[in-house]
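This report refers to the structure that appears directly beneath it.
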Amino acid sequence: MSSPKQRNDRKSGFRPHLDKGGKARAPRVSGADAKDWLWGVHAVEAALDNPNRATPRRLLATADRAQALTRRFGPLKTLETAEAAEIARVLPAGAVHQGLALKVDPLEPLSIMEIGSPAEGVLILLDQITDPQNVGAIFRSAAAFGARGVILQDRHAPALGGALAKAAAGAVDKLPHAVAVNLSRALETLSELGWRAVGLDGNSKVTLAEALDGSPTVLVMGSEGEGLRRLVSEHCEVLAKIPMPGGFESLNVSNAAAIALYEASRIRA
């Protein structure tokens, strides 16, 4: 005869998550919880190495990864040794964790004044780019080409964790970022600080090489579908295109950002 609890479970539609031995296990995280997790060797190690990170809430590692972490960082209070399958169960489906997962509070962003002072080098500002893989790849390119930091909108931008941090390969913890409520006002503030905004627009007649002059530059990137919004583009000193002589007139936004960052670093050198 079934127990009252079993009868209630059937009535409510509840089904416990069981492992092969019939024991209850934790369900996968999803939605808001997923942004609290970092996974992958580069993302987790960069977070542990970042003094601006809060104390990790939970750190899961396979036995070999745990040994490697202890050799590098010394004893870690929150470190738990777990099988790879156990780690996978607390992460979103398909997360390639490489034997490491870290639950930690989000990084605190800088203000526009903080990230823009002094005016020197290159910043990259993202206008409604929402795909985590693209934003993560842009962080990685920005770190590789020596950018000062990345500016995101407070809405219409993914959280800097999960798949984004994995795609960034640790760059989220190596490169400062700022969050702006209004990107047009952020560009006004940066202009007052001495920055020159160059917006990427495939319809411009000016090439990126012609637009860049070596001065402190904000590269402004729009979404692949919509491009730069009107008010944001109006706050750019110049709009420029990446010439594509091959005739294929479409680049993934993260690839376009990498080319723009390279060109800006080349002209500054």
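Any read-out appearing in this document is the output of simple, stated calculations on the displayed coordinates, not a laboratory observation. Note that the structure is predicted; figures quoted are calculated from it, not measured. Neighbour counts are summed over all protein chains in view; Cβ atoms, including those assigned to glycine, are modelled from backbone coordinates with ideal geometry.
List of remarks:
- The 3J(HN,Hα) values that the Karplus relation (6.51, -1.76, 1.60; θ = phi - 60°) gives for the range 195-205 are, in residue order, 8, 10, 8, 10, x, 8, 9, x, 8, 5, 8 Hz. Gly and Pro appear as x.
- Secondary-structure-derived ellipticity at 222 nm for the chain, considering helices only, amounts to -10000 deg cm²/dmol, per-run term -39500 (n - 2.57) for DSSP H runs with n ≥ 4.
- Amide H to amide H, with H built 1.01 Å from N, ILE151 comes under 5 Å of ILE124, LEU125, LEU126, ALA178, counting only residues 5 or more places away or on other chains.
- Among THR55, HIS156, SER265 - extreme Cα towards positive end, dipole of the chain, charges at beta-carbon: THR55
- Using a simple spin-label model with pseudo-atoms 7 Å out from Cα toward Cβ, GLU210 and ASN52 lie 3.7 nm apart.
- Most to least packed among 61-70, 139-148 [average Cβ atoms within 10 Å]: 139-148, 61-70
- Under a 5 Å amide H cut-off, with hydrogens placed 1.01 Å from N, ARG58 pairs with LYS103 among residues at least 5 apart or on other chains.
- For the chain, Kirkwood radius (reciprocal of mean inverse C-alpha pair distance, Å): 20.5
- Size-normalised alpha-carbon gyration radius of the range 159-248, reference 2.2 N^0.38 Å: 1.22
- Whole-Hz Karplus values for the range 135-149 come out as 5, x, 5, 5, 4, 5, 5, 4, 5, 5, 9, x, 5, 6, x Hz, taken residue by residue from phi with 6.51 cos²θ - 1.76 cosθ + 1.60 and θ = phi - 60°; glycine and proline positions read x.
- Relative pair counts by distance (%), Cα atoms of the range 82-190, 5 Å bins: 2, 12, 22, 22, 17, 11, 6, 5, 2, 1, 0
- Interchain or long-range residues, amide H under 5 Å from VAL218's placed H: LEU123, ARG196, ALA197, VAL198
- Principal semi-axes in Å for the range 112-268 [√(5λ), Cα gyration tensor, largest first]: 20, 19, 15
- Packing-based exposure ordering (other Cβ within 10 Å, fewest first) of LYS35, LYS166: LYS35, LYS166
- Summing Cβ point charges (Lys, Arg +1; Asp, Glu -1) relative to the Cα centre of the range 112-268 gives a dipole of roughly 280 debye.
- Extension gain, GLU120 back to LYS77 (0.36 nm per residue minus Cα-Cα distance, nm): 11.5 nm
- Each residue of the range 41-46 was assigned a 3J(HN,Hα) from its phi angle through the Karplus expression (A = 6.51, B = -1.76, C = 1.60, θ = phi - 60°), giving 4, 5, 5, 5, 5, 5 Hz with x at Gly and Pro.
- Within the range 33-98, GluC sites (Glu not before Pro) in DSSP loop having at most 16 other beta-carbon neighbours inside 10 Å: GLU83
- The GNM of the chain, with springs linking C-alpha atoms under 10 angstrom apart, assigns the highest mean-square fluctuation among PRO109, PRO158, PRO176 to PRO109.
- Dipole magnitude (debye, nearest 20) for the chain, charges at Cβ of Lys, Arg, Asp, Glu: 1580
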